[in-house]
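Since the structure comes first, as structure tokens, the remarks are kept for the end.
The values are calculated or read from the model by the stated rules, or taken from the named source; none is laboratory data. Model, not experiment: these values are computed from the prediction. Because the Cβ atoms are built from the backbone with ideal geometry, glycine has one as well, and the counts that use them run over all protein chains shown. Side chains included, ligands, DNA and RNA excluded: accessible areas come from the protein's heavy atoms. Shrake-Rupley method; radii C 1.70, N 1.55, O 1.52, S 1.80 Å.
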Amino acid sequence: MRRSADDRIFRFTTGIFAALVLLLVVGIGFELWRQSMLSIAKFGFKFWTGRVWDPVSGEFGALPFIWGTLYSSLLAMLISTPIALGIAIYISELSPKMLRQPLTYLTELLAAIPSIVYGLWGVFVLTPIVRKLEILMPPTLRKLPIFSGPPLGVGMGTAAIILAIMVIPFTSSVAREILKNVPVAQREGAYALGATRWEAIKVAIGYGKTGVIGAIMLGLGRALGETMAVTMVIGNNPQVSLSLYAPQYTMAAVIANEFTEAADELYLHALIEIGLLLFIITIVVNVISRLLIWSTKRRMTRVIVFPPVAKEEAAA
Amino acid sequence: MLTTIDMERLGATATPSAASLESMNAKISVRDFDFFYGPAKVLHGISLDIPDRQVTALIGPSGCGKSTFIRSINRMNDIIPEAVAKGTIAIDGRDIYNSDTDVVSLRRRVGMVFQKSNPFPKSIYDNIAYGLRIGGMHNKRELNGVVEKSLIRAALWDEVKDRLHESAFALSGGQQQRLCIARALAVDPEVLLMDEPASALDPIATTKIEELIWDLKVNYTIVIVTHNMQQAARVSDRTAFFMLGRLVEYSDTKTIFMNPKEKMTEDYVTGRFG
Amino acid sequence: MSYARRRKIISAIAEGLCAVAVILALLPLAMILFYVIKQGFTSLNWAFFTQMPKPVGETGGGMANAIVGTLVLIAIAASVAVPIGCICGVHLAEYTDSKFSSIVRFAADVLNGVPSIVFGMFAYIIAVLPVKRFSALAGGLALGFIMIPIVVRTTEELLRLVPSGLREGALALGATRSRAVFTVILPAALPGILTGILVATARVAGETAPLLFTAFGNAFWSTSPVQPIASLTQQVFLYANSAYEDWHRQAWAGAFLLVVMILTLSIAARFAVRRLERMNRP
């Protein structure tokens, strides 16, 4: 293969642009780290365990935000995963052929709605509904820590619900892809042994198990980084609380709300440090998710093309 | 085409009462069976009786409907949305296409082994135990017993007894197929359907499967689809020749191969086409 | 009840629950669309499109500057993302198996999962901090960065789908690699690449977080790249957080406009593919 000068220039030039993408990732990490040095230097590890976030006195503890992000995401996953898997199963296994396209399109529509619109709906429609439900909760249950506190409408519970809705299409579409690629032979094998339809579906899910976990993690990654919808319904109060009623705060939300108010450099660096952690966490979750999905897809598309006569196998 | 060894085998398989259809124990009776994929009719008025505890082979060129037919016996075709069946297939006298047939329990009575082995991504043990577990058997000791028995019956026990909890995918192709046979046997079927069970295997593995079929017929009614005529001649008691969705000729294997009544059959078995 | 019968009931219940799941997901979708249309459409009027926001407390006014602002931001974002994304995609498609390509591909995938607010912070650090001023440019950069991985991936995938015969044919006729790519392969993949760009645009048109401290927003008319600029999304956020009924009304109108914009972009993307494909077929 002759490599003319033109080819070399071509490879080099296009390579520069490709390198820019690489530079972007590295650059983000680097700059976030560099611009949080003040905070890292001053607080060290205590930044992540401190509960007090007081910009006025210069005391910055980010624990409430970590808690808020993790708790809200966890709750969102608990709600959304069964629904997302149910949708994936329904569309790929149970629905009449006619409905398949429209249902797929509708679930993808959920992903297309901008975050701010979710937030708007959350504030004006969902929050009053949640507030009514909070009031209706029987007093005996309200004694439990998870349901304690005044019924404000805004709070961890509302945030979890909105996050769950936003995350559903992500988990669902990947799970659907995976189920579609499970070889028919697996289900037939189950049916031939007298399995009911649900049992055969379970076999299919079992075959794509790793990918389904990847799909769930993809949704988790999405939930961890969501900003606008959450900040509009979560109450924005930096406290650590188990209660779904309690207004709390997430990493993304505090950055969104306080970034422009950061009067001094330390404040800014503290916020950027939170951004750095968010960056790292979401990368880790996404990488794991993609690895799981990729390895499942590879296994499934490695279906051996059935040769007319396969004589080269070792003796049985 | 047919070697002398095959011919001797043929002589051995001709059962004494093969001459009369009526004196045979018909395990499966098919009458006027039609099958449609949507508007396309793929099986036309199939009628035959499959005897109990013998091996019946279905032969014919590609696309002749033999796979569709065999999959109708355990109603596997139900999974396909546009599939429509007409006529009757009766097992032990009861029509399985009757509206109150319990398809789930039908499939436990009529087991199936597929062309390409399809073990689940579980251990050898769990593959075989799968059918038992969904049937409600959870007692460890019972499961162990049935798993062992099935593996012995499928001539696989000695090769895997020390690694029952390894993944099924670690086995070779031929072993995987015998695993699938063991899995099918575990739920104690009466009929075993085999859709080209050895076509993906090398000659040695194929021989093992054929020997297994020979041993199994003592206890099970076996229906086997094969495109390999020597295999049909070696292994079966009766043979049915299908062509373009129609049953052309059905008789004991010796007759089909040595003395076929229909010209089409003769043309096929002597290799003039197909 | 026999075990078999119980299993069948469980199967039926499980299948039913899956159908319920579909309803549970479509219900909020319907509710959101309903409210957006109901509250938003009725609040749309000519003033909304042509007037500027009125001072706090006064009713009326519109989001003219915000609408234009969004368009300006998208234009800046696209002018950053399209060249970088497409050419990067070209490199990945042409040199698929190189180690460098694998690393870049991985980097693009990583970027896809980064929350948009992080991009905003990065744009702040490199474009706002040094000049101590918010600007449309900074906002456009943030949005452009978000678009890049999407454009890279779709470009690469579409280029790879072009039949290899086309490339071999061009090279056999003596074309250099760059010529072959730019004159034969890229045009063949154009509909798909365009779709990718439209999809990426739809994605960033709805973004708010990265703009909060880059474009920052502007109560006045501005289209200058070096000044802060209003955007539809940010304006909606601002109004929603306020205490004024009239502003809430306008927020819904803005949301409606956003949803319409994004849906139009998605549908346009689908149409673009079909029409261009038909044109390319002899």
Subject >> Candidate set from segment A:184-199 (those that are in contact with a helix residue (DSSP H, G or I) (Cβ under 7 Å, 6 or more places away or on another chain), more than 9 Å from chain C (Cβ to nearest Cβ) and surrounded by fewer than 21 Cβ atoms within 10 Å (Cβ to Cβ)); member that is farthest from C:ALA12 (Cα to Cα) >> reply: A:GLN186
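Only one residue in A:ALA175, A:ALA190 is in a helix (DSSP H, G or I) and farther than 30 Å from A:LEU120 by Cβ, so which one is that?
A:ALA190
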**OP:** Considering every residue within segment A:268-279, establish whether at least one is within 20 Å of the chain's Cα centre (by Cα), in contact (Cβ under 8 Å) with a residue 40 or more places away in the chain, open to solvent by 30 Å² or more (accessible area, probe 1.4 Å) and within 18 Å of A:LYS209 (Cβ to Cβ).
**Re:** no
Original post:
Scanning for something open to solvent by less than 70 Å² (accessible area, probe 1.4 Å), under 11 Å from C:SER178 (Cβ atoms), facing chain C (nearest Cβ under 9 Å) and not in a helix (DSSP H, G or I), does segment A:1-23 turn up at least one residue?
Top reply: yes
**OP:** Name the residue, out of A:ILE89, A:ILE40, that is part of a helix (DSSP H, G or I), away from chain C (no Cβ under 14 Å) and not charged (D, E, K, R).
**Re:** A:ILE40
Subject >> Residue selected from segment C:165-201 under the condition hydroxyl-bearing (Ser, Thr, Tyr) and free of Cβ contacts under 8 Å to residues at least 60 places away in the same chain, by the criterion surrounded by the fewest Cβ atoms within 10 Å (Cβ to Cβ) >> reply: C:THR183
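Would you point out the residue of segment B:232-253, among those that are open to solvent by 10 Å² or more (accessible area, probe 1.4 Å) and of a type outside the set (A, V, I, L, M, F, W, C), that is farthest from B:ILE70 (Cα to Cα)?
B:ARG234
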Original post:
Of these, C:ALA77, C:ALA25, which one is within 13 Å of another protein chain (Cβ to nearest Cβ), surrounded by 20 or more Cβ atoms within 10 Å (Cβ to Cβ) and among the small types (Gly, Ala, Ser)?
Top reply: C:ALA25
Original post:
Taking the stated definitions as given, is C:ALA66 more than 7 Å from chain A (Cβ to nearest Cβ), farther than 30 Å from A:GLU93 by Cα and under 24 Å from the mean Cα position of the chain (by Cα)?
Top reply: yes
Subject >> Residue ID - modelled with the lowest pLDDT, chosen from residues in segment B:23-41 that are open to solvent by 40 Å² or more (accessible area, probe 1.4 Å) and closer than 29 Å to B:LEU244 by Cβ >> reply: B:ALA26
Subject >> Residue that is most open to solvent (accessible area, probe 1.4 Å), among those in segment B:177-188 that are farther than 7 Å from B:VAL113 by Cβ and more than 9 Å from chain A (Cβ to nearest Cβ) >> reply: B:ASP188
Subject >> Test: residue in segment A:51-61 that is open to solvent by 30 Å² or more (accessible area, probe 1.4 Å), in a helix (DSSP H, G or I) and either more than 10 Å from chain C (Cβ to nearest Cβ) or closer than 30 Å to C:GLN235 by Cβ (or both) >> reply: no
Subject >> Subset of segment A:104-126 that is open to solvent by less than 10 Å² (accessible area, probe 1.4 Å) and either in contact with a Cys (Cβ under 7 Å, 6 or more places away or on another chain) or among the aromatic types (Phe, Trp, Tyr) (or both) - its residue that is nearest to the other protein chains (Cβ to nearest Cβ) >> reply: A:TRP121
Original post:
How many residues does segment B:89-99 contain that are open to solvent by 40 Å² or more (accessible area, probe 1.4 Å), at pLDDT 90 or above, at negative phi and outside any strand (DSSP E or B)?
Top reply: 1
Original post:
If A:GLY155 satisfies every condition in (1) buried (at least 24 other Cβ atoms within 10 Å of the Cβ); (2) of a type outside the set (Lys, Arg); (3) within 14 Å of chain C (Cβ to nearest Cβ) but one, which is the exception?
Top reply: (3)
Original post:
How many of the residues in segment C:140-164 are surrounded by fewer than 24 Cβ atoms within 10 Å (Cβ to Cβ), away from chain A (no Cβ under 13 Å) and under 21 Å from the mean Cα position of the chain (by Cα)?
Top reply: 3
Subject >> Single condition A:MET228 does not satisfy, out of (1) open to solvent by 10 Å² or more (accessible area, probe 1.4 Å); (2) under 16 Å from C:PHE213 (Cα atoms); (3) touching a Gly at 6+ places or on another chain (Cβ under 6 Å) >> reply: (1)
Original post:
Where residues in segment C:28-53 are among the hydroxyl-bearing types (Ser, Thr, Tyr) and surrounded by 13 or more Cβ atoms within 10 Å (Cβ to Cβ), which of them is farthest from the other protein chains (Cβ to nearest Cβ)?
Top reply: C:SER43
**OP:** Filter segment C:1-19 for residues that are more than 7 Å from chain A (Cβ to nearest Cβ) and in a helix (DSSP H, G or I) and give the result.
**Re:** C:TYR3, C:ALA4, C:ARG5, C:ARG6, C:ILE9, C:ALA12, C:ILE13, C:GLY16
Subject >> Positions within segment C:95-139 being more than 7 Å from chain A (Cβ to nearest Cβ) and acidic (Asp, Glu), in sequence order >> reply: C:ASP97
Original post:
How many residues does segment A:254-296 contain that are facing chain C (nearest Cβ under 10 Å) and of a type in the set (Gly, Ala, Ser)?
Top reply: 4
**OP:** Looking only at segment A:4-17, decide whether some residue is in contact with a strand residue (DSSP E or B) (Cβ under 6 Å, 6 or more places away or on another chain) and not hydroxyl-bearing (Ser, Thr, Tyr).
**Re:** no
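Give me the residue from segment A:200-225 that is among the basic types (Lys, Arg) and within 30 Å of C:VAL110 (Cβ to Cβ) and, out of that set, surrounded by the most Cβ atoms within 10 Å (Cβ to Cβ).
A:ARG222
Which of the residues belonging to segment B:115-155 are of a type in the set (Gly, Ala, Ser) and either open to solvent by less than 30 Å² (accessible area, probe 1.4 Å) or on the phi > 0 side of the Ramachandran plot (or both)?
Within segment B:115-155, B:SER117, B:SER123, B:ALA129, B:GLY131, B:GLY136, B:SER150, B:ALA154, B:ALA155 meet the criteria.
Mind telling me which of the residues A:PHE45, A:PHE60 ends up being hydrophobic (A, V, I, L, M, F, W, C), without any contact (Cβ under 8 Å) to a residue 24 or more places away in the chain and over 30 Å from A:ARG197 (Cα atoms)? Steps first, please.
Working: A:PHE60 fails: without any contact (Cβ under 8 Å) to a residue 24 or more places away in the chain.
The unique qualifying residue is A:PHE45.
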**OP:** Would you mind telling me which numbered condition in (1) surrounded by fewer than 24 Cβ atoms within 10 Å (Cβ to Cβ); (2) at pLDDT 95 or above; (3) in contact with a helix residue (DSSP H, G or I) (Cβ under 6 Å, 6 or more places away or on another chain) A:LEU242 fails?
**Re:** (2)
